[in-house]
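> Have a look at this one.
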Amino acid sequence: NTVRDGLAALNYLQKKVPPKSKIILLGQSLGGAVALRVACEARQSELNDSFDQVVVESTFHSYRKVGQKVLA
């Protein structure tokens with residue numbers, strides 16, 4: 001549900017920010033994987049042009065794999 005929440009937040013921001021403003025998705029650690037997934041899904045939907053950049057810091061390749069490893 002975190003990706004769905006991210007898409008909802010992006011949709012909200014797209015409607016609320018002033019025209020010509022830049023939206024930057026920022027994710028750190030586990031949030032970086034979520035931000036990348038949100039960016040990919042947004043590009044394939046009506047949110048295609050809703051953000052300008054994605055910045056990730058100290059992220060993981062897959063948040064699902066990290067979750068599986070932590071919960072094992």
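The values are calculated or read from the model by the stated rules, or taken from the named source; none is laboratory data. Owing to the predicted nature of the structure, the values given are computational and were not obtained by experimental measurement. Backbone-built Cβ (ideal geometry, glycine too); neighbour counts: all protein chains shown. In case anyone asks, the SASA skips ligands and DNA or RNA and just uses the protein heavy atoms, side chains included. Shrake-Rupley method; radii C 1.70, N 1.55, O 1.52, S 1.80 Å.
> Given (1) open to solvent by less than 50 Å² (accessible area, probe 1.4 Å); (2) assigned to a loop (DSSP other than H, G, I, E, B), identify the lone condition not met by VAL3.
(2)
> Oh, and also: Give the stretch 8-38 a look and list any residue that's in contact (Cβ under 8 Å) with a residue 24 or more places away in the chain, farther than 18 Å from SER62 by Cα and not in a strand (DSSP E or B), or say none. Break it down stepwise before answering.
First pass over the stretch 8-38, keeping only residues in contact (Cβ under 8 Å) with a residue 24 or more places away in the chain: 10-11, 13-14, 22-35, 37-38.
Restricting the remaining residues to those that are farther than 18 Å from SER62 by Cα gives 10-11, 13-14, 22-24.
Of everything in the stretch 8-38, those that are in contact (Cβ under 8 Å) with a residue 24 or more places away in the chain, farther than 18 Å from SER62 by Cα and not in a strand (DSSP E or B) turn out to be LEU10, ASN11, LEU13, GLN14, LYS22, ILE23.
> Mind checking whether some residue in the stretch 39-61 is β-branched (Val, Ile, Thr), assigned to a loop (DSSP other than H, G, I, E, B) and either open to solvent by less than 100 Å² (accessible area, probe 1.4 Å) or touching a Leu at 6+ places or on another chain (Cβ under 9 Å) (or both)? Explain how you work it out, then say what you get.
Step one: filter the stretch 39-61 for residues β-branched (Val, Ile, Thr), giving 54-56, 59.
Keeping just the survivors that are assigned to a loop (DSSP other than H, G, I, E, B) gives 59.
Narrowing the set further to residues that are either open to solvent by less than 100 Å² (accessible area, probe 1.4 Å) or touching a Leu at 6+ places or on another chain (Cβ under 9 Å) (or both) leaves 59.
Yes.
> So, one more: If only one of LEU30, LEU36 is surrounded by 14 or more Cβ atoms within 10 Å (Cβ to Cβ), on the phi < 0 side of the Ramachandran plot, within 14 Å of the chain's Cα centre (by Cα) and at pLDDT below 90, which one is it?
Values: LEU36 fails: at pLDDT below 90.
Sole residue among the options that is surrounded by 14 or more Cβ atoms within 10 Å (Cβ to Cβ), on the phi < 0 side of the Ramachandran plot, within 14 Å of the chain's Cα centre (by Cα) and at pLDDT below 90: LEU30.
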